[in-house]
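Student: Before anything else, here's the structure in question.
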Amino acid sequence: QQPVQSPQAVILREGEDAVINCSSSKALYSVHWYRQKHGEAPVFLMILLKGGEQKGHEKISASFNEKKQQSSLYLTASQLSYSGTYFCGTSFSGGYNKLIFGAGTRLAVHP
Amino acid sequence: DSGVTQTPKHLITATGQRVTLRCSPRSGDLSVYWYQQSLDQGLQFLIQYYNGEERAKGNILERFSAQQFPDLHSELNLSSLELGDSALYFCASSVTGRGGYNEQFFGPGTRLTVL
């Protein structure tokens with residue numbers, strides 16, 4: 001039931017764009033996105049909920065295709081600070097329900 | 001700073017020993033989640049508590065146990081430690097117990113090394 005993230009790793013130059021995908025084999029209630037820098041705690045970026053509600057940072061762009069059980073995180077005009085590992089976490093219901101995290105996508109932004 | 005605190009920051013112990021990891025959630029948050037992250041791996045959900053009661057369980061080993069106290073802080077107890085238990089252990093908190101609806105705020109983690 002672990003969501004599948006792609007790509008596994010991305011290398012960018014500053015200013016370039018990237019898309020990180022997260023897909024599930026099971027119908028989803030929500031998709032959560034977090035960024036983690038090496039040795040640090042994951043930091044919340046965004047939640048996309050079934051029905052279209054979104055919560056998170058204004059500068060972060062993401063989509064959630066409920067029919068395909070897929071979410072994409074869009075990183076545009078990348079900055080050095082975007083470097084880190086991006087995790088998606090999926091939930092199958094809105095109640096007392098755990099998040100199942102993907103294996104992560106490593107993003108490195110170079111000058 | 002997420003507002004979630006975890007102690008200790010680092011823990012080095014021997015196989016067969018028992019340790020306790022402590023977590024204090026953000027002010028106002030009622031739910032606590034525990035995750036294990038092995039070297040360069042993803043986040044594995046262990047267990048969730050909401051207002052003192054267990055609400056969701058992941059693949060938590062029988063050697064591991066947790067509880068949430070009336071003041072809402074939580075402890076994760078790891079016993080009969082094995083080398084493979086070496087990992088970063090994160091605690092996260094959220095306002096409600098609805099793990100799929102609310103954002104979770106992660107603490108800085110406890111790095112456990114079993115020798």
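Every number here is computed from the coordinates shown, using simple stated rules; none is lab data. Note that the structure is predicted; figures quoted are calculated from it, not measured. Neighbour counts are summed over all protein chains in view; Cβ atoms, including those assigned to glycine, are modelled from backbone coordinates with ideal geometry.
Student: Over all distinct alpha-carbon pairs, what is the Kirkwood Rh of the stretch B:22-115 in angstrom?
Tutor: 13.3 Å
Student: Do me a favour and compute the ellipsoid semi-axes for the protein assembly as shown from its Cα gyration tensor, root of five times each eigenvalue, largest one first, whole Å.
Tutor: Semi-axes from the Cα gyration tensor: 29, 21, 16 Å.
Student: Another question about this same structure. What percent do you get for the relative contact order of chain B when only Cα pairs under 8 Å and 6+ apart count?
Tutor: Result for chain B is 37 percent.
Student: Additional query: Below 8 Å, C-alpha to C-alpha, sequence gap of six or more: please give me the relative contact order for chain A in percent.
Tutor: Computed value for chain A: 38 percent relative contact order.
Student: Given the Cα atoms of the stretch A:1-63, and with Rh set as the inverse mean 1/r over their pairs in the Kirkwood sense, what is Rg to Rh to two decimals?
Tutor: 0.97
Student: Quick check on chain B: of the DSSP beta bridges with both residues there, what percent are antiparallel, nearest 5%?
Tutor: Rounded to the nearest five, the antiparallel share is 90 percent.
Student: If you project the alpha carbons of the stretch B:9-54 onto the principal axes, what extent comes out on each, in Å, largest first?
Tutor: The Cα atoms of the stretch B:9-54 stretch 35, 23, 20 Å along the principal axes, largest first.
Student: Mind counting lysine pairs for me in the protein assembly as shown? Cα separation below 15 Å, and the two need to be 8 or more apart along the chain or on different chains.
Tutor: 7
Student: Within chain A, which is the longest segment containing none of the trypsin sites (Lys or Arg not before Pro) that sit in a DSSP loop and have at most 12 other Cβ atoms within 10 Å?
Tutor: Between exposed loop sites, the widest span is A:69-111.
Student: Separate question: Tell me, Kirkwood radius of chain A from alpha-carbon pair distances, in Å?
Tutor: Roughly 14.0 Å, rounded to one decimal.
Student: Given Cα pairs under 8 Å that are at least 6 residues apart, what percent is the relative contact order of the stretch A:38-83?
Tutor: Once divided by the residue count of the stretch A:38-83, the mean separation gives 24 percent.
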